Structure formats: structure tokens, C-alpha cells
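Since every read-out is calculated from the coordinates, none of them should be taken as a lab result. Here the structure is a predicted model, which means the values were calculated and not measured. Here the Cβ positions follow ideal geometry from the backbone for every residue, glycine too, while neighbour counts run over all protein chains shown.
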Amino acid sequence: MDGMSLLTITVLAVFVGFEVVSKVSSTLHTPLMSGANAIHGIILVGAIIVAGQAADPWVLAVALLAVVLATANLVGGFVVTDRMLEMFRGRQRPPSNVGAGSPGSTGSPGSGGSPGSGGGTTRDAAAKERRP
Amino acid sequence: MTLLNPTWTALLYLAAAACFILALKGLNSPRTARRGNLIGALGALVAVVTVFLSVKLDNIPWILGAIAVGSGVAAPVARRVQMTQMPQLVALFNGVGGGAAALVALLELSHTDEPWVRLAIVFTLLVGAVSFAGSGVTFAKLQGLMTTRPVTFPGLPVLMAVVLLAAVGAGVVVILNGSLVLALVLLVLGLVAGILLVLPVGGADVPIVISLLNAFTGLAVAASGLVLGNVLLLVAGTLVGASGTILTRAMAAAMGRSVAGIMFGAFKGGSTAGSTAVSERPVRSSSAEDVAVLLGYAQRVIIVPGYGLAVAQGQHTAAELASALKARGIEVDFAIHPVAGRMPGHMNVLLAEANVPYESLKEMGEINSEFKTADVALVVGANDVVNPAAKTTSGSPIYGMPILEVADARQVVFLKRSMRPGFAGIENELLYEPQTTLLFGDAKDSLTKVLGAVKGL
């Protein structure tokens, strides 16, 4: 692709990047940062290309290190963002459903005992039930 | 042999790029955020499958093995990490992404002799290395592996200037003759610059630096897209670079700071953080039972949660205390400072995890005028976000940061571990005021004791 097209794409992407986050509330700053962080893990594509064209063992070793690091960024980034947002869904109850929220609050000591992935699935299920 | 022709490849990359835009858009609203994140992950999956089908690749078993290792380490860590440790994990993931971009650029150096491609390589190397090392330092600060205070020394600005000049020099030579040795030198200079950039940043500014480094990694990835001639990397990296810049500015604005002030304030020698000694003035410390009486016979209580609550994993106990007080007919709200916890929005995540009802979580602008009507403001493990020095002391490192006006409440109760100053390293005059009561101890232990005492009233 020629330089002019690349420049056009870049400038348009800058404007899209500015535009999509311009009005976000401070509550979502952390998940948004984490989500953007996951997206640049797409450098994995570059790492795979370089590793796939490596002939020298040293080059391959460095490229594979890049693949490992990029995968950690990509996979870890999306997973950690999802975990943050799991919490947000729990609190997105419409005010009319306050009564339905009480089973959730009695469940809180239980989920406090195991803040791991198990707690996430039950909360997830509870959140689904709550939706109208 | 490849399965996809260039047109299909370009179309699938375009689809992935569109997914990333939708992901960022979705993350703007709590309602669509989770779906947005999943769309982003879908886009990434499409892109990775596309690269396997469109480029002739050797070493595929090795590559798949490396992907398995990377996901095998990162996914469980991301699943199991405590909510309180999330900020440093984001920093860590950001750093390794920057490192990966720098390594990709390094390996591409021998494949090109075009000066403008080499320019993109030099940029990726330098910015990727800065992001890697800088994120490493922020990780160490947040994880408590080193002091969270700003670290400065007299020669720091000079050293930084020397490192940057050397980096520019090495970069020019790499662009001219493609020297691998100087590219490695550049990598090392980038690492040193990253460390020097973050060391002088302390206090509550660390999350803003994480966000800034996140934007840096985005730019490095965009430049690597130019190096590899890959439009998806260019678009995705540019999106993150641009949105990350806006986000960094928004975060800084929520704290009443400017990004330039945070990054270069310490270089100017204006930082006073960490210089204040703990004074020996008397404070009123009290027992859990006394605090329980104050709370139990109040009409309106506002709980101000801070980082100490998060560290002690006390969010569930705080939620229980709120329910116990509500059961006594007391009006209870949580006042959430935008940067309570250690990242903007962090406290909302923690309290939502503890099932605190949405209606009880009040943002700063909404609750600040209501402290006047509160009988007790219960400050749990927070310090800087309620420190009146932000309004009154112009030399203070937090001067100008909006605070929660807890001093307006009739009584202020602090649950604190010790008299040690908060994250920003400055004393809180409010601790010595006559309406203030202190209960020393770990936030969760103190809350548990107070909860027990409230139930026994």
C-alpha cells in the first residue's frame, strides 16, 4: 500500500480514536483503559508473521518470546477487562427492581469467601435472571 | 501455500478493525461495555486466524506452542487476580505488549533497507522499550515492590536529556545504515528512559502514567504496522494511541491535574511529596464500640471508601455494615471519589463486587453538598481524597484535586492503619480537627469490630 493511503488511514483512525472515547464517565475509565490495552495486544499478528519467517534459531527464539508476550497482552487484557465488567453488570439494576436485589446482598458473604472465577459465574447467572 | 487471497485477507482485517472500534464504543456505557469487550476479543480472534491463513508461515508448531504458553499464563492470572491488584496487572499486560512490539521491530531491521521503514522501526523500538520499562516500574510501585513515593535525584533531568540525545543519535545511525548493534543500544536506552520517566511520578498519579504508557504502546504497535506493511496493526495501534491520549487527559482532569504537570513536575523540582514528617500532635483515637454508638444513633451516615478498604479486602464487610445501619433506619450512602481506590472507577468495581446497591453509590458531584446534612462521615482507608490541603495549601502535591467535603459532616470517623500519610505522602490536617475520631487498625478488622458492636447495640 502506498504512503498516501497509509497516511489517510492513520489520520482517520486518530479521529475515530478521539471520537469514541470523548464522552466516557469516570466510572468506566479503568475498564476502557484495560480494553484499549487488550486491543494493542494485536501486535500478536506481527509477532506471528516475524516468527513464521524466522530461519535463524536465535531470530526464532526472540520472535517466539514476542509471541508469548503479545499473547499475554491480548488474552490477559480481554479476560481482565471482562472480569471488571462482570462486576458492573451486577450493579446495573433498574431502580424498580430494588426488591429483586436483596437475594444478591444476602449472597455477598458467600461471594466474599471465594472472589475467584466461581463467584463470577453465579453472579453472571443472577444478573441474567434479573434482566427484564 | 496460503488459503486466503489478499482481498479476503484485507476484508477480514477490516472486519477486525471494525470490531475494535465497536469495542471501544461499547466500553463507553456500562450497559454495552461487556458486549463491547467481547466484540473486541472476537476481532482479535478473527485477525489471528486470518494471519495463519494468509501468510506463508514456517515454525507453526512453535508459534502455537508460544501462544499456548502466553494464554496459559495470562488467562488464569487475569481470572484469579484480586480486584485490588487489577491496576498493576493492567500495567503488566501493557508493558509486555510494548516489549513485544519492540522485539518485532528489532527482528524486522534486517529485512529492509528503506530509510522510512527504518524510521518506523526506530520509533517502535524506542517507544516499545519505554512502555515496557515504564510499565515495569509502575507495576513495582503498585505491587509494593518499591516505594510509591516519587523517586528523584539531583542529576535526573540531565541524565534524562543525555539518554534522549543518545537515543536520537543512535536512531539516526540506525536509519542511515541499519546497524543491529546500535538498534540494541537504542533498545537499552529506551529501557533506561522508561525507568527515568516513571521513577519521579508518585502518589495518585501512577494510574495516569499507566494510561499514558498504554497510549505509547498503541503508537508503537501502529508504527510496527508500518514496518510490516500491515494495515490492521496500523489502525488498531492508532486507535489505542488516540483514545489512550484522550483517556489520559480525562483521568488527569478528574484529579485536577495536567498530564504535562504530572510527567514533568518532578523534573522541575516542584514536588514536595514525601518530605513532610509525621508530626507528634495529639489526635482523638477511639474504640470500635464508641464508633458503633456514633454510627448506630446517627440519622444519616456517609461512608467514604478509599484504597485502604480495597487493600484490606474490606468491601464486603463495608457492605454488611451499611446494611446493618440501614436495618436500624439510618440513611447510608457511599461517596465515591473519581480516583478512590487506585484507579479511576476502581472503587465502583469493588463495591459492585460486594453487591452494594447501585443507588447507594454516589459520585462526588452528587454527594458533596450532602455532607452538611450527614451526622457521621465514615472514612475507611481513604486519606488524600478527603484532604483539605487540596483546597488550602497551594504548594501541596494534591493542590487543585477535587476532594470529598467530609469536613462538613458533624462528626468524621477515620478508620486508618496508622498516622502514616496517604499515597501522596502529605499530612491530613483533618485528622487533628476536634470533630474527628480515629480508629486505628486494618480496615477490614476495624469494620468487622464496628459491625459486631453495631449489631450488639
In degrees, nearest ten, helix B:60-80 long axis to first principal axis of chain B (Cα): 10
Folded to 0 to 90 degrees: helix B:206-228 orientation relative to chain B principal axis, Cα: 10
Average beta carbon contacts from partner chains per residue of B:18-27, 10 Å cutoff: 6
The stretch B:6-264, relative contact order in percent, only Cα pairs under 8 angstrom and at least six apart counted: 19
Estimated 222 nm signal from helices in the protein assembly as shown, with DSSP H stretches of n ≥ 4 weighted -39500 (n - 2.57), rounded to 500: -20500 deg cm²/dmol
Peptide B:205-213 - average C-beta neighbours from other chains (10 Å radius): 2
Efficiency of FRET between B:Leu164 and B:Ala260 - r from beta-carbon atoms, R0 25 angstrom, step 0.05: 0.95
Alpha-carbon centroids, the stretch B:399-457 and the stretch A:1-68: separation in whole Å: 43
Cα gyration tensor shape for the stretch B:6-264, rounded if a/c is under 1.5, else prolate or oblate: oblate
Euclidean distance of C-alpha centroids, the stretch B:19-87 and the stretch B:227-261, integer Å: 19
Rounded tilt (10° steps) of B:231-254 against the dominant C-alpha axis of chain B: 20
Relative contact order for the stretch B:1-104, counting Cα pairs under 8 Å that sit 6 or more residues apart, in percent: 25
Computed E for A:Val59/B:Arg31 - FRET, C-beta separation, R0 51 angstrom, nearest 0.05: 0.65
